[in-house]
1. Test of understanding: given the chain, find the longest segment containing no chymotrypsin sites (Phe, Trp or Tyr not before Pro) that are in a DSSP loop and have at most 10 other Cβ atoms within 10 Å.
2. Which longest uninterrupted range of the chain lacks any trypsin sites (Lys or Arg not before Pro) assigned by DSSP to a loop state (not H, G, I, E or B) and surrounded by at most 13 other Cβ atoms within 10 Å?
3. For the chain, rounded, prolate or oblate, judged on the Cα gyration tensor with a ≥ b ≥ c (square roots of eigenvalues), a/c < 1.5 rounded, else prolate if a/b > b/c?
4. Rounded, prolate or oblate, given the Cα gyration tensor of the range 1-64, with a/c below 1.5 counting as rounded?
5. Once every DSSP H run of n ≥ 4 in the chain is given -39500 (n - 2.57) and the sum is divided by its residues, what mean residue ellipticity at 222 nm do you get, rounded to the nearest 500 deg cm²/dmol?
6. Could you give the size of the charge dipole of the range 57-148 about its Cα centre, using +1 on the Cβ of each K and R and -1 on the Cβ of each D and E, expressed in debye and rounded to the nearest 20?
7. Which of the lysines could be linked to Lys115 by a straight reach, that is with a Cα gap under 29 Å, when you skip same-chain ones fewer than 8 residues away?
8. Can you spot the aspartates and glutamates whose alpha carbon is less than 18 Å from Lys118's alpha carbon? Ignore those fewer than 8 places along the same chain.
Amino acid sequence: MILIVLLLLLAVSVSIHIYFLVRYLRSHDEWHLWGYINTSVINVFLAGVSILIIVFKPEKIRTLDTALMMWVMSGAMMTLVLIFQISIIARIVHRSKLPEFYHYNFFGKKILDPKVVKPMEVALFIVSMPFFVISGAYFAARFIKIFL
């Protein structure tokens, strides 16, 4: 059980690590750099502890419930991708309410500028959609199978 928890924590930590890397490359903010460095240390620690457990107790590998682990990892991946997509939508909605991104036409209707939606956000949203669909379908199918 401890090995499953360590591997799941490692998977979540790697996801957070990638998030900090992308955020640092986009903003060059020191806070994101420190998050990237801290998750690097955490990843090395979790991987090292997992390797030590596997080397000294190889029977833990045979008793590993991979179906449960994959189900939890797919749920975590689905949740992370959903949070990522919601954050993109929230940024677009927030930007659409700022006065520099819209104007009113002759009839008083609010017209949004094309700068409200950045091409990179659209690309990231479209690229993340298959990951959400595949991991969500696997998570939902295994969840339904539990009750049937």
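Every read-out reported here was derived from the displayed coordinates using simple, explicitly stated rules and does not represent laboratory data. This one's a predicted model, so the numbers in the text were calculated from it and none came from an experiment. Positions of Cβ are backbone-derived with ideal geometry, glycine not excepted, and every protein chain shown enters the neighbour counts.
1. 1-105
2. Of all site-free stretches, the longest is 1-96.
3. oblate
4. Since a/c reaches 1.5 and a/b is larger than b/c, the shape of the range 1-64 is classed as prolate.
5. -28000 deg cm²/dmol
6. In debye, rounded to 20, the range 57-148 gives about 80.
7. Within reach: Lys97.
8. Answer for Lys118, where 18 Å is the Cα cut-off: Glu100, listed by chain and number.
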